[in-house]
Number of protein chains: 2
Amino acid sequence: MGYFRGTLGIEVKADLSPVTVADKAVEAFVRARLAQDFPNDGVFGEEEGASGLDRDRVWVLDPIDGTRSFLSGYPTFGFLLAILEQGKPKIGVVGIPAMNEVYTGLGQAAALNGAPIQVSTQTALSDAILYIHEAEHMRAGDEAVLEKLTQTGATRRFAYDCYAHALLAAGHIDAVVDYNLQPYDYLPLCALIEAAGGVITDWQGLPLTLQSDGRVISAATPALHAELLEITR
Amino acid sequence: MGYFRGTLGIEVKADLSPVTVADKAVEAFVRARLAQDFPNDGVFGEEEGASGLDRDRVWVLDPIDGTRSFLSGYPTFGFLLAILEQGKPKIGVVGIPAMNEVYTGLGQAAALNGAPIQVSTQTALSDAILYIHEAEHMRAGDEAVLEKLTQTGATRRFAYDCYAHALLAAGHIDAVVDYNLQPYDYLPLCALIEAAGGVITDWQGLPLTLQSDGRVISAATPALHAELLEITR
């Protein structure tokens, strides 16, 4: 948080996504603690990559999910952490530092700052609050202008970061359709969504693993999930 | 804030946009105070419409900008207020209650919770942090799926509410391109952006008035503004 809305040292990766000093500092901090307390576990982080993925227990982390939010003073960025056992997500953590919120999921227990949360009871997609990653229609008649706009600027954003999934776990949003995610983006969501009573899979309805293609559906209920699968399949 | 993430009484307007009890309660509260303290002024609010637009001073307010955010627990919704004198915005206020932030602009003085703020010095669009309302490319190959998704759900969102403009005033975002706004959405931004040193006009470069078409460019510098105008014109 000391770097948020402050002076940033920005480095640009090959894919041109913005990376901040804070991003690296957070991952280095977590890795140092893991090396000390859990030296035999595997670790997979956005900044420093993967090691020991064949271990029984693997920690997966994204130090700052929503780097573009972070860079532009927008408070919805998060810290993501999953613990995998034999490749399956067992614990999920979504921290939203600018909001002083930590969402956690383990087994049947999901919580926001320690207080129990659960998903909504919404079963009809036609009534659902649905978050879709970067997918709105361009305004009729302005396509040419908007197309040009999306070709310019060094940093653009249209997304909701991990926060949408956390708000789904807390019952405020009914479904989220996402794509282009990395394992450190979606694996930390799994145990949280499931502990809160929701359903999270890929666009084919399969469980999310390290090998998934980065397309994700989170839904409050199986009925909603089934309706969305009909579209994504 | 008492209604945020709590139990909501939702009424649906003719255009199906969600309206909450909170929305109406806030506007009624402000209108009651104005009627008491400034009985001769005009008022234009989202919920109860316009009266006295021919008066020298007109208050323009949006009790909750970003109702869909508000409804889905997303903390970026705002309270907007402008004071117009002879039709020109003189004071602009953007409140972000969930963040405990109030942005104000009057003359040359822009502030966040009373502390001075100013726009960034960015002059090159190619380097700018640009927020575009609802305009990202659909992912190549998934257009059909995403098209269907945007036809479903009762509440969808892809926008940043008024907050993007406030963050521009505070120097975190360099430019915002918006459209489909109502006078109570864009007039409260004018005095704030200008007091912080930025430029705000419609897509033709004209000053924003009660009669504007709802298309807005906010930019930190005249150079950025000119680059964006070349695209929107």
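Taking the label point as lying 7 angstrom from Cα along the Cα-to-Cβ axis, what are the distances from B:Gln108 to the corresponding position in the remaining copies, in ascending order and in nanometres?
Computed spacing set for this position: 6.6 nm.
Could you state the accessible area per residue of region B:45-121 in Å², with a 1.4 Å probe and every protein chain left in place?
Here the residues of region B:45-121 average 42 Å² of exposed surface.
Where a ≥ b ≥ c are the square roots of the eigenvalues of the C-alpha gyration tensor, would you call region A:10-116 rounded, which needs a/c under 1.5, or, failing that, prolate if a/b is larger than b/c, or oblate?
Verdict is oblate for region A:10-116.
Take the solvent-accessible surface of the protein heavy atoms, probe 1.4 Å, and return the percent of it on region B:10-116 that carbon and sulfur atoms account for.
Carbon and sulfur atoms account for 56 percent of the accessible area of region B:10-116.
Which distances, in nm and shortest first, link the A:Ala35 label point to the same label point in every other copy, taking 7 Å along Cα→Cβ?
Here A:Ala35 shows inter-copy label distances of 6.8 nm.
Probe radius 1.4 Å, ligands and nucleic acids left out: can you give me the accessible area buried at the B-A interface, summed over both chains, in Å² to the nearest hundred?
Using a 1.4 Å probe, the pair buries roughly 5200 Å².
Nothing charged except the Cβ atoms of Lys and Arg (+1) and of Asp and Glu (-1): what's the magnitude of the dipole of region B:10-116 about its Cα centre? Round to the nearest 20 debye.
About 180 debye.
Using only alpha carbon pairs under 8 Å that are at least six residues apart, calculate the relative contact order of region B:10-116 and give it in whole percent.
Details: 195 pairs, mean separation 16.3, N = 107.
Taking the mean separation of contacting Cα pairs over the length of region B:10-116, I get 15 percent.
The values are calculated or read from the model by the stated rules, or taken from the named source; none is laboratory data. Keep in mind it's a predicted model, so treat the numbers as computed, not measured. Neighbour counts run over all protein chains shown; Cβ positions are idealised from the backbone, glycine included. Quick note on the areas: whole protein, heavy atoms, side chains included, nothing else; ligands and nucleic acids left out. Shrake-Rupley method; radii C 1.70, N 1.55, O 1.52, S 1.80 Å.
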